[in-house]
Amino acid sequence: MAKQPFIYGALFLLLAAAFNRVLGFIYQILMIRLILPEGIGLFAMVYPVYVLIIVLATAGIPVAMAKLVAEEMAANNPRGAYRIFFTCFVFLILSSILLSALCLLYAPFLLAYVFPNPKVYYIFLSLLPGVIIVALCSAIRGFFQGLQQMKPIAASQSLEQLVRVISGLFFARLLLPRGVEYAAIGASLGVVIGELSGFILITIYYFKCRPRLLDCMPVCPAERPGRLGARISNLAVPVTLTRLISTLFLTLDAILIPQRLQVSGVSLAGATALYGQFVGIAQSLLFMPGIITISLATALVPAISDAISANKFYLVRARCETAIRITILVGIPFAIIFILLGNKICGYIFGYPEAGDSLRILALGGPFLYLQQTTTGILHGMGRADLPFKNLLIASAFKLCGIFYLTGRPHLGIYGAAAVIAVSFAVMAVLNLIDIRNRTGLKIDLGQAVFKPLTAAAAMSATIIFSYNTLYIHAVPEGLAVISSIAAGFLGYMLLLIISGGVNKKDLLSLKNI
C-alpha cells in the first residue's frame, strides 16, 4: 500500500472533516431545536468527563504509534511497524476495559461530587460502552496514520458521524416525551452507535488494505520489549499529559461555568440552558473552520516526522510555513464573519440570537485557536509533545482562574467566560509559535502571511456591512441577506488577496495539483 503525499493525505482528511463538520452542524441545529438548550447543556456537562476517560484509556498511544510506525516504514522495516501496532493494541484493550469498569463502579461518586446537575447520571452511563470502542478504533487509525494512509481514517470518521447523527436524532426524538434528560440519553446512544460503526469499517479496511509481510522483505532484529515500551512511552506520556490536562480543564469548564453562573444570580435550569447555548451554539460555530486546521495537524505528525528522519530540515521548515500560512488565511475571514454577523447567524440558524454575543467575543480568539491546533500538530511531529503540554498548562491555568473570577460577576456572566477563553487561545498559540521558531529557525513573512490577509479582511468587513445593509433596506429575507453578505465578503477577500499577492501563483499551482 503506497504512502500518500502529505498534501494528498491532508486533503482526504479535509474532505472527511468538511463532511463531518457540515453534518455535525446540521445535527446540532436539529438537536438544539429538538431538546432545547437545556438538553444540550446536560449533554455538554457530562461529555468532557467521557472524553477525559477516553484520554486516560488511550494514554496517547495512537499518536505515538503514528510517529513510530512512520519511522519504521521510513527505515523499510514493516515488521517493526507491526510489532509496534500489536503492542499498542493489547495495551489499549486492557486499559479501556479497566477504565470502563472503574467508571461504572464509581459513577455514584461522580454524581455526588463532580456533575453539577443530577440529571446527567444516566447520560454518563449510556456513554461508557464507547470507551472500549474508541480505544480500539484509535489504535487502527493510528496505524494507518503512521503509514500516511488517510483514506481509511477519513472513511471511518465519515461513517461514524453519519450513523451518530441518524441514530442520535432517532433516539432523542423517541425518548423526548419522557423529558429532556431522557432525550439527552438518546443523543448519547447515538454517539456510541456511531463509534461502533466507524470501528467496524476501519477494521474491515485493516484486514483488506494493510501492508502484507512478504518473505523477501528484510528481517530486522526484534526490538527488546523494554526498549520498545520506552520508545512508546517517551512519546505517549507527554501526549497523554497534554490531552489529559486539556480535557481536564474542559471538564472543569463544564463544571465551573454553570456553578459560577449560579453565583452570578442565574437559576440551575437557567445556567444549564445558558451553558447549552454557549457550548452548543457559540463554540460549535467557532470550531467549524477547524476542519482545515485539524486536518493539517493530523497529517503534519507523520509528514514532519518523516522529514526529520530523512534529515530534510528544509522540508520541515517549508511544511511548517505552509501550514501556518494556510491557517492564518482561513482563520481571519471567519473571525470577521462571526464578529460582524454573530447574532444574526445564531438567530437564523439556531433560533437563539442572544448566543451571538458570546460568539462575537470568542471570535476575537478564533484565529489563535486555529493556530493552536496547527502548531500543536507540528510540535507532535517533531517529537516534542512536551512543549504543547507546557504551553497548555500555562494557558489553561490562566483560563480557569479567569472563568472563576469573571463568570461569577453579575454584570459579566457567560461573557466573562467567553473573553477568558478567547485570550487563552492566543496565549497557547503564541507560546507554540515561539517553540517552533526556536527549534526550526522558522521565519514567517509577516507581510505575506499576516498584513496582506488583514488588509483583505478590512475590505471584506466593508463588503459584508455594505451588502447586508443594502439587502436589509430592500427587505430581503434575513437568511438570504446573511448568506449573500458572507458570499460577497469572501469573494472580496479572495480577490484582494490575489491582487495584493497574498495568494500567489505558487499557491494557485498547488491548488491545481491537489
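The values are calculated or read from the model by the stated rules, or taken from the named source; none is laboratory data. Given the structure is predicted, the values throughout are model-derived calculations rather than measurements. Neighbour counts run over all protein chains shown; Cβ positions are idealised from the backbone, glycine included.
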Problem set entry | First in the stretch 47-70 and over 16 Å from residue 121 (Cα atoms), second anywhere and surrounded by fewer than 22 Cβ atoms within 10 Å (Cβ to Cβ) and among the basic types (Lys, Arg), Cβ under 7 Å, 6 or more apart | 68/231
Problem set entry | Residue list for the stretch 415-438, filter: under 20 Å from the mean Cα position of the chain (by Cα) and hydroxyl-bearing (Ser, Thr, Tyr) | 424
Exercise. Would the stretch 267-275 turn up any residue that is modelled with pLDDT of 85 or more, under 29 Å from residue 365 (Cβ atoms) and within 21 Å of the chain's Cα centre (by Cα)?
Worked result: yes
Problem set entry | Criterion violated by residue 330 - all others in (1) modelled with pLDDT of 75 or more; (2) in contact with a Lys or Arg (Cβ under 8 Å, 6 or more places away or on another chain) satisfied | (2)
For this session: Would you be able to tell me the number of residues in the stretch 223-254 that are under 16 Å from residue 69 (Cβ atoms) and modelled with pLDDT under 65?
Result: 1
Exercise. In this structure, is residue 418 touching a helix residue (DSSP H, G or I) at 6+ places or on another chain (Cβ under 7 Å), farther than 27 Å from residue 320 by Cβ and buried (at least 17 other Cβ atoms within 10 Å of the Cβ)?
Worked result: yes
For this session: Identify all residues within the stretch 123-173 that are at positive phi and part of a helix (DSSP H, G or I); write none if there are none.
Result: none
Problem set entry | The lone exception for residue 41 - which of (1) touching a Phe, Trp or Tyr at 6+ places or on another chain (Cβ under 6 Å); (2) surrounded by fewer than 19 Cβ atoms within 10 Å (Cβ to Cβ); (3) among the small types (Gly, Ala, Ser) it fails | (2)
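Okay, residues lined up against (1) within 20 Å of the chain's Cα centre (by Cα); (2) of a type in the set (Ser, Thr, Tyr):
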residue	(1), (2)
340	no, no
349	no, no
365	yes, no
374	yes, yes
Exercise. In the list 385, 395, 363, which residue meets the criterion of being modelled with pLDDT under 90, out of contact with any His (no Cβ under 9 Å at 6 or more places or on another chain) and buried (at least 21 other Cβ atoms within 10 Å of the Cβ)?
Worked result: 385
Exercise. If you take the residues in the stretch 294-320 that are touching a helix residue (DSSP H, G or I) at 6+ places or on another chain (Cβ under 8 Å) and farther than 22 Å from residue 150 by Cα, which one is modelled with the highest pLDDT?
Worked result: 317
Seminar exercise, completed: If we keep only residues of the stretch 448-475 that are surrounded by fewer than 16 Cβ atoms within 10 Å (Cβ to Cβ) and aromatic (Phe, Trp, Tyr), then the residue farthest from residue 322 (Cα to Cα) is 472
Exercise. Across the stretch 145-193, which residue is nearest to residue 239 (Cα to Cα) among those that are out of contact with any Gly (no Cβ under 7 Å at 6 or more places or on another chain), touching a residue at least 60 places away in the same chain (Cβ under 8 Å) and among the small types (Gly, Ala, Ser)?
Worked result: 146
For this session: Might you check whether a residue that is touching a residue at least 24 places away in the same chain (Cβ under 8 Å), over 19 Å from residue 204 (Cβ atoms) and surrounded by 20 or more Cβ atoms within 10 Å (Cβ to Cβ) occurs anywhere in the stretch 132-144?
Result: no
Exercise. Across the stretch 366-382, which residue is surrounded by the most Cβ atoms within 10 Å (Cβ to Cβ) among those that are over 9 Å from residue 425 (Cα atoms) and of a type in the set (Ser, Thr, Tyr)?
Worked result: 375
Exercise. Taking the condition in contact (Cβ under 8 Å) with a residue 40 or more places away in the chain and of a type in the set (Val, Ile, Thr), does residue 339 pass?
Worked result: no
Exercise. Is it the case that some residue within the stretch 279-292 is in a helix (DSSP H, G or I), at negative phi and at pLDDT below 75?
Worked result: yes
Exercise. Mind checking which residues of the stretch 437-446 are assigned to a helix (DSSP H, G or I), touching a Lys or Arg at 6+ places or on another chain (Cβ under 9 Å) and either buried (at least 21 other Cβ atoms within 10 Å of the Cβ) or of a type outside the set (D, E, K, R) (or both)?
Worked result: 440
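Okay, residues lined up against (1) of a type outside the set (A, V, I, L, M, F, W, C); (2) at pLDDT 85 or above; (3) assigned to a helix (DSSP H, G or I):
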| position | (1), (2), (3) |
| --- | --- |
| 35 | no, yes, yes |
| 38 | yes, yes, yes |
| 46 | no, yes, yes |
| 50 | yes, yes, yes |
| 64 | no, no, yes |
Exercise. Does residue 93 qualify as being aliphatic (A, V, I, L, M) and crowded, with 21+ Cβ neighbours inside 10 Å?
Worked result: no
For this session: Inspect the stretch 150-167 for any residue being among the charged types (D, E, K, R) and buried (at least 23 other Cβ atoms within 10 Å of the Cβ) and give the result as yes or no.
Result: yes
Exercise. If you take the residues of the stretch 398-410 that are more than 18 Å from residue 268 (Cα to Cα) and not hydrophobic (A, V, I, L, M, F, W, C), which of them is surrounded by the most Cβ atoms within 10 Å (Cβ to Cβ)?
Worked result: 399
